Amino acid sequence: LIYDSFAQYLVTEKGYDKDLLNLTPESLDFCSKGLVFDLEDGNFLKLAEDGTVLRASHGTKSLTSEEILETYGRREWKHFSAVSGMLSRSAKHYLYDNYFDLPGALLCARIVDSLDRHDKQKKYDFWKDMVAAIQHNYKISAFKENCGTYFPEVKNDPEKYLQRCPESVKKWLKQLKNAGKILLLITSSHSDYCRLLCEHILGHDFEEFFDIVITNALKPGFFSHTPNQRPFRTLENDEEQEALLSLDKPGWYSQGNAIHLYELLKKMTGKLDPKVVYFGDSMHSDIFPARHYSNWETVFILEELLGDKVMVPVETESEPLEKKGKYEGHLPKVPCSVSEQWGSFFVDSLPGLGNAEETLVSTWSCKCISTYSTIAIPSLEAIADLPLDYRFTRFSSNNSATAGYYPSPPRALLSHEESVPMK
């Protein structure tokens with residue numbers, strides 16, 4: 001659906017090749033988290049922790065080891081310092097680090113293929129059209145106006161796109177609240193879409209799970225901006241109202257900043273230094289900024305940990321058979337399964353010359369996990385049944401690079417760690 005919402009706009013509004021509308025489930029193998037798109041060259045890159053290029057493609061077509069060495073050499077990619085500083089939005093490159101963005105990577109790759117077929121180009125300037133497609137489908141008024149392809153379709157058939165929250169996770173949220181924890185929901189989605197999702201996933205009483213709900217949070221800016229750059233606003237009928245000078249009480253708010261939120265948490269807990277544990281699934285929007293700007297504990301929800309083993313998600317096991325088969329006919333493989341084209345999210349071998357022995361190295365995405373997350377888990381379900389005082393082993397400089405993965409590190413990383421003496 002996300003792919004279609006962008007492709008429809010580009011074909012109907014911007015005159016791109018109609019062939020972009022034909023999507024085969026197999027082609028979704030191209031979508032792999034952690035890819036960086038070089039906007040000028042039309043190349044996608046998978047980076048090692050030191051910034052060298054491990055794999056690359058031009059459009060959807062993989063480059064050979066020789067081509068990679070010829071183009072990029074064995075040195076740090078030219079924009080690596082910007083990407084590794086998490087400045088992933090620039091005129092030169094774009095980092096794909098969450099499933100919501102990811103279908104756009106395949107679309108961009110196919111646009112490069114199409115432009116190459118029609119007129120051989122050295123520089124590509126279609127990114128502005130891609131941004132327009134994102135704007136059109138996801139602008140703050142799109143849900144209300146039934147604009148674009150995405151929101152009308154989800155509203156029309158939420159069951160097709162949304163999984164209900166497992167009972168174990170609801171029970172866990174209630175336990176946390178009963179234990180006196182303050183529960184926050186912080187999302188960059190606007191309030192109307194957030195409500196649709198939460199009602200469907202958690203039920204109509206979803207607001208009872210949370211003390212504070214913040215929508216249109218515009219992360220990572222929520223963490224990096226100052227209160228006067230990004231004040232909180234109240235909402236009336238999903239319309240943002242005047243800016244607030246401070247946050248005085250729990251409730252539902254829009255936009256905002258982590259500094260004012262933390263002041264409210266101090267007031268609510270009566271503590272000078274309340275501890276915040278923040279769960280998120282985007283390194284760029286959630287984990288890095290929450291750790292870097294707010295020094296919060298961070299739990300990275302990393303579905304690639306599921307792709308590591310053949311696991312059946314718990315909730316599908318109990319589903320009635322007739323529901324199970326509803327969409328199976330044309331379902332692509334699950335996003336977290338390992339991409340044939342891009343290989344493991346965690347490790348990869350350096351492109352070797354001739355008969356040179358392969359060297360396994362950690363990917364840059366993997367390095368970010370141990371640097372910015374306190375722990376990494378495959379889903380909330382994985383921890384929902386644990387006692388609230390369970391002590392997790394953290395990632396930290398004095399632990400091994402695999403310490404913080406719960407319930408277990410990815411296999412690819414374990415075999416890598418066994419073969420490489422840790423410094």
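The values are calculated or read from the model by the stated rules, or taken from the named source; none is laboratory data. Remember, predicted model here, so these are calculated numbers, not experimental data. Don't worry about glycine lacking a Cβ; one is built from the backbone with ideal geometry, like all the others, and counts go over all protein chains shown. When the accessible area is computed, the model is the full protein with side chains, heavy atoms only, and any ligands, DNA or RNA have been set aside. Shrake-Rupley method; radii C 1.70, N 1.55, O 1.52, S 1.80 Å.
Quick look at the values:
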read-out	value
Filter result (of a type in the set (Ser, Thr, Tyr), within 20 Å of the chain's Cα centre (by Cα) and in a loop (DSSP other than H, G, I, E, B)) within region 34-92	Ser88, Ser90
Residue in region 51-61 that is open to solvent by 70 Å² or more (accessible area, probe 1.4 Å) and without any contact (Cβ under 8 Å) to a residue 40 or more places away in the chain present	no
Looking only at region 115-133, and only at residues there that are open to solvent by less than 30 Å² (accessible area, probe 1.4 Å) and touching an Asp or Glu at 6+ places or on another chain (Cβ under 9 Å), the one that is nearest to Tyr3 (Cα to Cα)	Ala133
Residue in region 167-182 that is loosely packed, with under 14 Cβ neighbours inside 10 Å and either among the β-branched types (Val, Ile, Thr) or closer than 30 Å to Lys46 by Cβ (or both) present	no
Tally of residues being open to solvent by less than 10 Å² (accessible area, probe 1.4 Å) and either touching a Phe, Trp or Tyr at 6+ places or on another chain (Cβ under 7 Å) or hydroxyl-bearing (Ser, Thr, Tyr) (or both) across region 248-279	4
Residue in region 224-231 that is among the hydroxyl-bearing types (Ser, Thr, Tyr), open to solvent by less than 30 Å² (accessible area, probe 1.4 Å) and either in contact (Cβ under 8 Å) with a residue 12 or more places away in the chain or assigned by the TED database to the domain that holds His260 (or both) present	no
Candidate set from region 385-415 (those that are under 25 Å from the mean Cα position of the chain (by Cα) and not in a loop (DSSP other than H, G, I, E, B)); member that is farthest from Leu360 (Cα to Cα)	Tyr405
Residue count for region 152-190, restricted to those that are free of Cβ contacts under 8 Å to residues at least 60 places away in the same chain, over 29 Å from Leu265 (Cα atoms) and under 19 Å from the mean Cα position of the chain (by Cα)	1
Residues that are surrounded by 23 or more Cβ atoms within 10 Å (Cβ to Cβ) and either farther than 30 Å from Ile68 by Cα or of a type in the set (Val, Ile, Thr) (or both), drawn from region 348-375	Thr363, Ile369, Ser373
Residue list for region 204-222, restricted to those being without any contact (Cβ under 8 Å) to a residue 12 or more places away in the chain and either buried (at least 20 other Cβ atoms within 10 Å of the Cβ) or over 16 Å from Tyr253 (Cα atoms) (or both)	His204, Asp205, Phe206
Residues that are assigned to a strand (DSSP E or B) and modelled with pLDDT under 75, drawn from region 317-361	none
Boolean, Lys18 is closer than 27 Å to Arg117 by Cα and under 24 Å from the mean Cα position of the chain (by Cα)	no
